[in-house]
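Report on the structure given below.
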């Protein structure tokens, strides 16, 4: 039963909208735009006239310092951090970074899928976010190093995420985890993967709750009003989303597959409690909020929050952008409450 605290059929606005990005966010947009302009001028100089190809562009995204690095959220203390690998269905070794909180186990678990257009970012780029969740929600966090496109196109990433969840579930006792208390969280492309995993027949019955942070939910169409309004000059531009789809999808048909566009699911099943967090000035805003509405219509407990004055990836700017830290705190609080509620429920099969 839904309580009065659930804002289920509408989006809750966090903060005050002025019609423009807030000062903290705009300063970051300006700094990144200036750096990109200087880089372009350098590439157009006598020493760098050759046009950068797609392979070189991807290499630069992965190997060069992320422009958001100076603004990444601070890492917080946790009891331990360990890296290990498991073998997926195709015998690929997939890395997992496990964060353990300063409390006695078995621990509730959040499986985290990083963003980055399915193409870049890593366990390291999202280390601060994962430590914050572990510390503030008092849960274990498993960050998944799924295979990246374009080398591993759809369905590689979501299959790796499903395999990781199943591995963690099967090895919960050895890892001192509570197999009956598993949540998901992801940002952007990672939010897309979380949404897919939460509805997949192989995993959906095991998921208690999920947090979708400015998720990609429908790449079958990139023409919703937010795409038109915020196509340029708001950090994450529409052309970048078109490029991301080209890297991940094998063909046009993939974009209409519900495992790539979860908003296209005909039926939602075993619905976990869900927090959807969106940015005011983000091309992905409308599809994310539409996804929240679809979950509500299907009977899920859904809380949808739009953070005023923000742009895509604002949680990755949390060191400087107050709304980014607010979003991470809200996510941690949501996960903490859901994990506590799950602990209070009897285990499956109990009398």
Pairs with Cβ under 8 Å, 6+ apart, first in region 100-123 and more than 30 Å from residue 236 (Cβ to Cβ), second outside any loop (DSSP other than H, G, I, E, B) and modelled with pLDDT under 95: 108/339; 108/342; 108/343
Condition first: over 30 Å from residue 27 (Cα atoms) and touching a residue at least 12 places away in the same chain (Cβ under 8 Å). Can you find one or more residues in region 228-237 that meet it? no
Identify, please: which residue in region 269-298 is assigned to a loop (DSSP other than H, G, I, E, B) and under 14 Å from residue 209 (Cα atoms) and is, among those, nearest to the chain's Cα centre (by Cα)? 272
In the list 311, 302, which residue meets the criterion of being within 23 Å of residue 68 (Cα to Cα), in contact (Cβ under 8 Å) with a residue 40 or more places away in the chain and crowded, with 18+ Cβ neighbours inside 10 Å? 311
Could you tell me how many of the residues in region 80-92 are more than 22 Å from the chain's Cα centre (by Cα) and exposed (fewer than 15 other Cβ atoms within 10 Å of the Cβ)? 5
Do you know which of the residues in region 198-255 that are in a helix (DSSP H, G or I) and touching a strand residue (DSSP E or B) at 6+ places or on another chain (Cβ under 6 Å) is nearest to residue 21 (Cα to Cα)? 198
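The values are calculated or read from the model by the stated rules, or taken from the named source; none is laboratory data. Every value quoted in this text rests on a predicted model; they were computed, and no experiment measured them. Glycine gets a Cβ as well: all are built from the backbone with ideal geometry, and neighbour counts include every protein chain shown.
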